[in-house]
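Data block below; observations after.
The values are calculated or read from the model by the stated rules, or taken from the named source; none is laboratory data. Source: prediction; values computed, not measured. When the accessible area is computed, the model is the full protein with side chains, heavy atoms only, and any ligands, DNA or RNA have been set aside. Shrake-Rupley method; radii C 1.70, N 1.55, O 1.52, S 1.80 Å.
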Amino acid sequence: MTSTPTIPDVRDAGPAARVRRRLSGSAASLAALVIAVLWTVPTAGLFISSFRPADQIRTTGWWTFFSSPQVTLDNYRDVLFGSASDGRLASHFVNSLVITLPSTVFVLGLAALAAYALAWIDFRGRDWVFLGIFALQIVPLQMALVPLLRFFSQGVTVGGVQVLPAWELTGAMAFTNVWVAHTVFGLPLGVFLLHNFISQLPRTLFEAARVDGAGHGRIFLRIVLPLITPALVSLGIFQFLWVWNDLLVALIFTGGDTATAPLTVRLAELAGTRGEAWHRLTAGAFVSMVVPLLVFFLLQRHFVRGLLAGSVKG
């Protein structure tokens, strides 16, 4: 009777296997639990404070809530629908949506088209264009704020000749400046991430589509877009959260106008120089967190797949 030789599992050998065993042990799990608790406690305290009366917040810590609980919705009512000095965040909440949704859609659409062109359309200088887009990621955003603001306010002049006029936008069209700014700043990362995914798609798919007479437009719409959905969702989450939480770009390109200012600008104003109204800030902070949390949890199943998109070949 012959015995079947045992094939050693390559996963049980090497540095990667040792790291995997250590990270899955009880000590690592305990450390992760402690870190999660320490990370969550400040947020829990902020959440509890948002429902406490103002006098209680000023005189006692949030942990005293458990010994003498007092709950009120006045803080949320004041910051959403109160006077201008209290916050009145409802209109700014709408402004944040008006700024964030187009800025995310523009980046997704333009980045997907550019990534497809750089990955599957042969043209002279393609690699240099991709290298330039990659290099733009290391340029600090702050370096482009003043030139872009001058472009909007003064236009482009070459040799004393006005090539492009200034953007004199008022009313609802004033959001255009912020949309363009967020799109410009978000495109380099978006093109880079989507290019890594699209370039990994099997070449046979494109060859079969061309044999059937499909052009680049049909290939992009019918083949590429359905396959890159996880990557698009991940990029959309990153762009949405970045634009929603942005203060610097919104403050500069909206000019502090209350008609176009998003939540972050109003929250910064609500804090004041001494932060005396921080019982409203606790409620305002959670008002601003509602939409990002909903976006993340609704699209969570696509998130990890999109993060790993293009990282492993085959």
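Just a few scattered comments:
- Global form of the range 137-212, assessed from the alpha-carbon gyration tensor, a/c cut-off 1.5: prolate
- For the range 37-109, the carbon plus sulfur part of the accessible surface works out to 73%, probe radius 1.4 Å.
- Whether the range 119-247 is rounded, prolate or oblate, judged on the alpha carbon gyration tensor where a/c under 1.5 counts as rounded: prolate
- Between residue 74 and residue 176, full extension at 0.36 nm per residue minus the direct alpha carbon distance yields a gain of 33.2 nm.
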